[in-house]
1. Being out of contact with any Lys or Arg (no Cβ under 9 Å at 6 or more places or on another chain), in a loop (DSSP other than H, G, I, E, B) and either open to solvent by 20 Å² or more (accessible area, probe 1.4 Å) or farther than 21 Å from B:D324 by Cβ (or both) is the filter here, so list the residues in region B:204-243 that pass it.
2. On the given criteria, is B:E275 under 19 Å from B:K318 (Cα atoms), among the charged types (D, E, K, R) and touching a residue at least 60 places away in the same chain (Cβ under 8 Å)?
3. Is it the case, given these coordinates, that B:K263 is closer than 19 Å to B:Y325 by Cβ and at pLDDT 95 or above?
4. Out of A:S330, A:S310, A:S248, A:S298, which single residue is within 19 Å of A:G207 (Cα to Cα) and in contact (Cβ under 8 Å) with a residue 40 or more places away in the chain?
5. Failed condition for B:I77, given (1) more than 12 Å from chain A (Cβ to nearest Cβ); (2) open to solvent by 10 Å² or more (accessible area, probe 1.4 Å); (3) hydrophobic (A, V, I, L, M, F, W, C), with all others met?
6. Can you pull out the residues in region B:249-258 that are open to solvent by 10 Å² or more (accessible area, probe 1.4 Å) and in contact with a strand residue (DSSP E or B) (Cβ under 8 Å, 6 or more places away or on another chain)?
7. In this structure, does A:F66 turn out to be of a type outside the set (D, E, K, R), modelled with pLDDT of 95 or more, closer than 20 Å to A:T272 by Cβ and within 21 Å of the chain's Cα centre (by Cα)?
8. Failed condition for B:I7, given (1) among the hydrophobic types (A, V, I, L, M, F, W, C); (2) touching a residue at least 40 places away in the same chain (Cβ under 8 Å); (3) under 30 Å from B:S134 (Cβ atoms), with all others met?
Protein chains: 2
Amino acid sequence: MSEVKMIAPSVPNVPWQDPPADLKKGQPPVWRYSENPIIGRNPSPGVARIFNSAVMPYGDGFIGVFRGEQTNGVPYIYLGHSKDAIRWTFDEEKIPFVNEKGEPFMPRYAYDPRLVKVEDTYYIIWCQDFYGASIGMAKTTDFKTFTRLENPFIPYNRNAVLFPRKINGNFVLLSRPSDSGHTPFGDIFLSESPDLVYWGKHRHVMGRGSEWLESVKIGGGAAPIETSEGWLLFYHGVSGTCNGFVYSIGGAILDLENPSIVKYRCETFLLTPEEWYEERGFVPNVCFPCATIHDPDSGKIAIYYGAADSYVGLAFTKFDLIMDYIKSHSVLTGDDTEIGIR
Amino acid sequence: MSEVKMIAPSVPNVPWQDPPADLKKGQPPVWRYSENPIIGRNPSPGVARIFNSAVMPYGDGFIGVFRGEQTNGVPYIYLGHSKDAIRWTFDEEKIPFVNEKGEPFMPRYAYDPRLVKVEDTYYIIWCQDFYGASIGMAKTTDFKTFTRLENPFIPYNRNAVLFPRKINGNFVLLSRPSDSGHTPFGDIFLSESPDLVYWGKHRHVMGRGSEWLESVKIGGGAAPIETSEGWLLFYHGVSGTCNGFVYSIGGAILDLENPSIVKYRCETFLLTPEEWYEERGFVPNVCFPCATIHDPDSGKIAIYYGAADSYVGLAFTKFDLIMDYIKSHSVLTGDDTEIGIR
């Protein structure tokens, strides 16, 4: 192990597979699970596809919030359970969100959920209709009662990711302002809140890249992993082609106390669509990371990503390898290293 | 006078002109100043056009913040002074914004300023670059030191308008989320803040209309005028044509304590481009209200509006007439009357 430390609770049962013998030299040190996709088509009654979903350890197993595209085309969030974080069972009913009075308060639709634990509470963050695509949030302590919080932002916004601990006493949220459509632009911003009601001190974190790989837009992916060198962020970066967008997984390391400052940003993809389940589907050519399960003792990191808006894929890396790779392939642009206010 | 009251400080010297004898029956009770435009081309050294600007009473005269388009095409905000609110003189230097340490902190550009007094402080709210078009804010008590506040929102946003008093203890701000370009959509939202640092409790106020007049987008205009029946709001509504957008002035009355609820919304324009200075200019066909000067004793209301992104125009109405007109021509859509959360 290097001297760089991952700062996170131990998870001895991270799902894992050693790297294949033929992992190519010079390629990013991220390898797919041999049995991918781990969630296939029609996984649950009335649900055609599950993808872009987030999981974490819970009890003696794992729990997750899953984007389930109903057979009528409308996405909602479903709860899922697993013993090994690979084979999942799903609740047939949508997560029953309530308002602060305990009354039913369902979003019109909900997609791309993230799941993050801060102190003793679990937070679900997703994209929903708020007279336009915007961020929804809810909290739970028992995965039975899911209480919605105030929408943190006005539209239009997607890809909100909460940090797993407060920084300087405030909750910190990444998000990606967007437009009302498929958004041919997009940078990652950061916002703070003392109470999850009011948000401010907004800062620009990272811009879309100037080069081909992610020159259309980027967006937060998995909840950042705390390390002694900064916050390890797996995000998505989008390339534009004559036949549509291509979503790859990128990596960056943000300053620990001022995470609007990017310390390292990998100029290459970490994973890009190559396999059939990434290249074929409802939206071809998408690798969209939403969560990691990671263990500081072994350095194992399992990356959960949506594949082609149709499947869930699982990929692996080792902490030392990925930190070294990102640092040794880092190219920063001017915007990245700013504190991010204008 | 009707029983509806305007709740505002007396302004005995509102600029004024009685309605012309030929004010047409059935037309909106808003008439232009006969000497319009009150600010013409090349009004100040290095400034090609002044428009979309806000004014208010100050001392024994009037003060204003003016969008000045420099001869290099970049807009900034300039301070202006007037004895009669019609003939204006402008500072040659841009307003010198500073940060909380008193250090220079100029936006890259700044446009469409509004000026609102809340309690003992004057607030300037404008649109600026924050890695994308977004809202900037500053405060002053003496019009000498202008201290910027945190940007209230992440991009993309324009047309922010502060209410002239707190509601339920919070500052209240209208804004119009947009995209990174000329934004072919847009509704008015409302946000609250206890401290002008953190903003939340976002609510949808009004959607663009379903009919032709403002079916592209709408945006807050002048700071709302408090009345016993609700907040009188002059806003802009945009129609789309094969040759571009057309900006008219619309009117609505918002609930006093829950201003995300629209009580009345006028289905006709109050003023629409007809005169040469509204139809001709850098952006033809724009009437864009940014401020009123109004007096509860006489019921006089003077509306300041940008004309064709090239001039400042002045129009007049009487409080009773405009309230009656808006109420008798009100057509509400479903979205308008909601509390505005999803």
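1. Passing the criteria: B:G207, B:S210, B:E211, B:C242, B:N243.
2. Values: under 19 Å from B:K318 (Cα atoms): no; among the charged types (D, E, K, R): yes; touching a residue at least 60 places away in the same chain (Cβ under 8 Å): yes.
So B:E275 does not fit the description; no.
3. Working: closer than 19 Å to B:Y325 by Cβ: yes; at pLDDT 95 or above: yes.
When the stated conditions are applied, B:K263 passes them.
4. Result of the check over A:S330, A:S310, A:S248, A:S298: A:S330.
5. Unmet condition: (2).
6. Answer for region B:249-258, where residues must be open to solvent by 10 Å² or more (accessible area, probe 1.4 Å) and in contact with a strand residue (DSSP E or B) (Cβ under 8 Å, 6 or more places away or on another chain): B:D255, B:L256, B:E257.
7. Values: of a type outside the set (D, E, K, R): yes; modelled with pLDDT of 95 or more: yes; closer than 20 Å to A:T272 by Cβ: no; within 21 Å of the chain's Cα centre (by Cα): yes.
In short, no.
8. Single failed check for B:I7: (3).
The values are calculated or read from the model by the stated rules, or taken from the named source; none is laboratory data. Quick caveat: nothing in here was measured; it's all calculated off a predicted structure. When we count neighbours, we look across all protein chains shown, and the Cβ atoms used for this are built from the backbone with ideal geometry, even at glycine. Note: accessible area is taken over every heavy atom of the protein model, side chains too, but ligands, DNA and RNA are not part of it. Shrake-Rupley method; radii C 1.70, N 1.55, O 1.52, S 1.80 Å.
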